[in-house]
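Okay, so here's the structure we're looking at.
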Amino acid sequence: PSPEPNPESIEVCDDDNDGFAEFDLELNTIDITNGESDVVITYHETQSDAQTGDNAITGLYTNVVANNQMIYVRSENTLTGCYSLTQNTMELIVHPAPEVPTTIEPYTICDSDYDGVSQFDLTTMNDEILNGQDPTAVELTYHISAANAEDGSNP
C-alpha cells in the first residue's frame, strides 16, 4: 500500500521581521504518517524532488520564500517501496513579530501623600506601546524583569 500523508502547516514567529525563520520539519513527521508503521517521511522544496526522492531537506530549515512557503512531503512505505506525495503541500508560515517602540515616554503620576508609593495602571500605556497595531492581534503583558518578559513568566 502507498502511505497516505496528512501534513499540517507549521507556524513560527519572525523575531526580526525579515520574513524568514527556522523550522523543525521533523516535529510534524509523526502527525503526517497518521500512525502508519514502516513509513519514512522526507521533505522537499520542489515537487520533482519529492517525486524522485532527491534533495531531501534534513535538520533545521530556513524558508527561502519570504513569509509563506510550500514544502512537498514524500511518504514512502519501507516494506513495499511504494510512495505518495501529499495532495496539498505543507505550508510554512512566518508571522511578523509585533513592533515595540524603541522609546516610551516616562509614566509619571503624582504622589499625593508623599510616601514614595503609588498605584500605576500600566494598561493606560497600551495605546502608546501598540502604536497603531491591532490590540486584538497582539497580547501585551508587563513584567518586572527583562528575563520574565522574555520567557513570558510572571506578568
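The conditions of being without any contact (Cβ under 8 Å) to a residue 60 or more places away in the chain and closer than 16 Å to residue 94 by Cα are not met by residue 54. Which residue pairs have Cβ atoms under 7 Å apart, sit 6 or more places apart or on different chains, and have a first residue in segment 64-84 that is within 14 Å of residue 32 (Cβ to Cβ) and a second that is assigned to a loop (DSSP other than H, G, I, E, B) and at pLDDT 85 or above? Qualifying pairs under 7 Å: 71/45; 72/46; 74/53; 77/38. Is it the case that residue 105 is charged (D, E, K, R), surrounded by 15 or more Cβ atoms within 10 Å (Cβ to Cβ) and outside any helix (DSSP H, G or I)? Judged against the criteria, residue 105 is not a match.
None of 103, 80 is at pLDDT below 90 and closer than 23 Å to residue 15 by Cβ except 103.
Sub-9 Å Cβ pairs linking a first residue in segment 124-143 that is free of Cβ contacts under 8 Å to residues at least 40 places away in the same chain to a second residue that is surrounded by 11 or more Cβ atoms within 10 Å (Cβ to Cβ) and among the small types (Gly, Ala, Ser), at least 6 apart or interchain, are 141/149; 142/149; 143/149; 143/153, ordered by first then second residue.
When segment 136-155 is limited to residues that are surrounded by 11 or more Cβ atoms within 10 Å (Cβ to Cβ) and assigned to a loop (DSSP other than H, G, I, E, B), the one that is modelled with the lowest pLDDT turns out to be 138. All conditions but one from (1) surrounded by 10 or more Cβ atoms within 10 Å (Cβ to Cβ); (2) more than 30 Å from residue 29 (Cβ to Cβ); (3) of a type in the set (A, V, I, L, M, F, W, C) apply to residue 110; the one that does not is (1).
The values are calculated or read from the model by the stated rules, or taken from the named source; none is laboratory data. From a predicted model like this one, the values you see are computed outputs, not experimental measurements. Virtual Cβ from ideal backbone geometry, glycine too; neighbours counted across all protein chains shown.
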